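A quick write-up on the structure given underneath.
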Amino acid sequence: MSNLWKTSLLAAVVAILGLFALGLNNDPRNIPSPLIGRLATPFSAPALDNGPPISLESLRGRWVLVNFWGSWCGSCRLEHPYLMQLATMTRNRPDFVMIGVDFKDTRSGAQQFLQTLGDPGYRQVFDPDQHIAIDWGVYGAPETYLLDPAGTIRYKQVGPLFNGWFEKIALPLMEKKT
Amino acid sequence: MRLQSLMLACVFYMVFQGIALASEQKEDPTEASVRSIAQSLRCAVCQNQSVYESNSDLAKDMLGVIRTKVAKGETEGAIRDYFFQRYGDYIYLEPTTHGGNSMLWIGPFVALLVGGVALLSALKKWRRSPQAPSVPVKTDAFHQRLKEEMEKMDA
């Protein structure tokens, strides 16, 4: 009997400590996305450069990286060099395409951002009242989604993409599938 | 003096009349349902405020989305679900009580029950133990042995 008591007490203490440890690693500002593994909401939206509207459906069949940003966002500035590098690096890949969604922004602000920091060359959607962003469960910037050729969301990066992100996160996912 | 008090009375009357009028003003029914939805949703960037109370840009635009959807005739449940699909459990100020979350509701009571049963059985055991016969037997044996040894020494 006394042994049963001791083991159950020990188990309870360990369980509580375990829960604490789990809780400590939980960042309350990071909202886990329920969208992983689901089909991304399609959109057809105006382009930042006033060109023809951009439709997500037209990109099906390739892996699509969708980067949500705004010229008002400081971390987007930090991230920008990597996006430039990634765009150049993947330009010749037939299975991968990048687009940007400039949200909660002004055209002039965004264009100035691209003029000063460089234009990565891929197409940019303009979403001034962040309807697309809300539709995609975005709550900050930058946020980046990786979609597989079927249009399913496979990964969400909250915060800037880091050096080597493509090799570390995107490639393993892409190689598993294709 | 009399004139002054009369004027004061007039001013009071006007003020209260104004308050009464303001409170009587009916709210647009669609706005009421917008408010009830927005108050149940948590602002994604300000943790402890509802979408209705928050001044953040995201919350304001969410409010705009809610307004458009209400105007389109979508039900409250459908709109709440729209945000739940995109932001998950986080988005409800009052978390759901089903699924894994139900453990948080039931767990404490289960723990209380288990603890109560354990305490009860422990109390029962403690009450019984003073009359347990094993202790006197032991001392008897001890005394017996002592007596024997003493006798041996005497002999």
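Give, as a single signed number, the net charge of other residues whose beta carbon lies under 14 Å from the beta carbon of B:Asn101, with Lys and Arg counted +1 and Asp and Glu -1. Can you show the working numbers first?
Numbers: positive: none; negative: B:Asp89, B:Glu94.
Residues close to B:Asn101 contribute a combined charge of -2.
Take B:Phe109, A:Phe43 and order them by how many other Cβ atoms sit within 10 Å, fewest up front. Before the final figure, lay out each step's value.
On the way: B:Phe109 9, A:Phe43 18.
In increasing order of surrounding Cβ atoms, one gets B:Phe109, A:Phe43.
Against the longest alpha carbon principal axis of chain A, how many degrees, from 0 to 90 and to the nearest 10, is the axis of helix A:2-24 turned?
Taking the Cα atoms of chain A, the angle to A:2-24 is about 20 degrees.
Which residue, A:Ser33, A:Gln124, B:Leu112, has the largest displacement toward the positive end of the dipole of the protein assembly as shown when charges sit on each Cβ (Lys, Arg +1; Asp, Glu -1)?
B:Leu112
Within the range A:75-94, which residues have the backbone N less than 12 Å from the label spot 7 Å out from A:Phe162 along Cα→beta-carbon, could you tell me?
none
Determine the gain in length on full extension of the stretch A:Ile16-A:Ser55; use 0.36 nm per residue of separation and subtract their C-alpha separation, reporting nm with one decimal.
On the way: separation 39, 0.36 × 39 = 14.04 nm, distance 4.95 nm.
Here the answer is 9.1 nm.
Give the distance, in whole Å, between the Cα centre of the range A:81-107 and the Cα centre of the range A:1-43.
A separation of 36 Å, based on Cα centres.
Output the 0 to 90 degree angle, nearest 10, between the alpha-carbon long axis of helix A:107-117 and the longest principal axis computed from the alpha carbons of chain A.
The angle comes out near 80 degrees.
How high is the relative contact order of chain A, in percent, with contacts defined as C-alpha pairs under 8 Å that are six or more residues apart? Let's see the in-between values first.
Numbers: 258 pairs, mean separation 49.4, N = 178.
Relative contact order, chain A: 28 percent.
So for the range A:46-178, taking the charge dipole from beta-carbon charges (+1 Lys/Arg, -1 Asp/Glu), which of A:Gly151, A:Met174, A:Pro81 sits furthest toward the positive end?
Value: A:Met174.
Gaussian network model of chain A, Cα springs within a sub-10 Å range: biggest mean-square fluctuation belongs to which of A:Glu143, A:Glu167, A:Glu57?
A:Glu167
Which of A:Phe96, A:Phe162 has the fewest other C-beta atoms within 10 Å, and how do the rest follow up to the most? Don't jump to the answer; show the numbers that get you there.
On the way: A:Phe96 20, A:Phe162 12.
The order, fewest Cβ neighbours first, is A:Phe162, A:Phe96.
Give the calculated FRET efficiency between B:Phe84 and A:Thr116 to the nearest 0.05, with a Förster radius of 51 Å applied to their Cβ-Cβ distance. Don't skip to the answer; put the middle values down first.
On the way: r = 39 Å, r/R0 = 0.77.
In this case the efficiency is close to 0.85.
Given A:Lys156/A:Lys176; A:Lys6/B:Lys124; A:Lys104/B:Lys69; A:Lys156/B:Lys60; A:Lys104/A:Lys156; A:Lys168/B:Lys60, which pairs have Cα atoms separated by over 26 Å?
As for pairs spanning more than 26 Å Cα to Cα, those are A:Lys168/B:Lys60.
Show me the trypsin sites (Lys or Arg not before Pro) within the range B:64-97 that DSSP assigns to loop and that have at most 13 other Cβ atoms within 10 Å of their Cβ.
Here the trypsin sites (Lys or Arg not before Pro) that fit, given the DSSP loop and packing criteria, are B:Lys72.
With springs only between Cα atoms under 10 Å apart, run a GNM on chain A and tell me which of A:Asn67, A:Asn92, A:Asn25 wobbles the most.
So, out of A:Asn67, A:Asn92, A:Asn25, the one fluctuating most is A:Asn25.
Could you calculate the FRET efficiency of B:Ala71 with A:Glu175 from 1/(1 + (r/R0)^6), where r is the beta carbon distance between them and R0 is 51 Å, rounded to 0.05?
Numbers: r = 46 Å, r/R0 = 0.91.
Calculated transfer efficiency: 0.65.
Expressed as an acute angle from 0 to 90° and rounded to the nearest 10, what is the orientation of the C-alpha long axis of helix A:74-89 relative to the principal long axis of chain A?
70 degrees
Can you tell me which of A:Ile31, A:Ile99, A:Ile153 moves the most in a GNM of chain A? Springs connect C-alpha atoms under 10 Å apart.
Highest fluctuation among the options: A:Ile31.
Where does the protein assembly as shown land at 222 nm, in deg cm²/dmol rounded to the nearest 500, when only DSSP H runs of n ≥ 4 count, each adding -39500 (n - 2.57), divided by all residues?
So the helix-based figure for the protein assembly as shown works out to -17000 deg cm²/dmol.
Read-outs throughout are calculated quantities, based only on the coordinates presented, and are distinct from any laboratory measurement. These numbers were taken from a predicted model, which means no experiment stands behind them. Here Cβ is always computed from backbone atoms with ideal geometry, including for glycine, and neighbour counts include all displayed protein chains.
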